[in-house]
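Just so you know, all these numbers are worked out from the coordinates, no wet-lab data involved. Please read all numbers here as calculations on a predicted model, not as lab measurements. Note: ideal-geometry Cβ built from the backbone for every residue, glycine included; neighbour counts use all protein chains shown.
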């Protein structure tokens, strides 16, 4: 089970399980909490606004998968 670390719009760290991600989408001009978010991560059980771009999140997922593979081989 791979975890990724992202940042919510209030700059708090958020840890998400990669296997719970459904999709990553851009934020369409929003207000309130979404105004500073760059992406919305849709999860199996909800959604999370984050400051990372879609490409940054994908890189986090790839890195987490590599780290998990290394740990399984150790």
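Students often check this: by mean Cβ neighbours within 10 Å, which of 50-57, 21-28 ranks highest, and how do the rest follow?
On the way: 50-57: 16.8, 21-28: 12.5.
Going by the mean number of other Cβ atoms within 10 Å, highest first, we get 50-57, 21-28.
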Length gained when the stretch residue 25-residue 12 is fully extended (0.36 nm per residue, less Cα-Cα span): 2.7 nm
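Figure the gain on full extension for residue 42 and residue 1 (residue separation times 0.36 nm, minus the Cα-Cα span) and round it to one decimal in nm.
Values: separation 41, 0.36 × 41 = 14.76 nm, distance 1.78 nm.
Extra length available between residue 42 and residue 1 comes to 13.0 nm.
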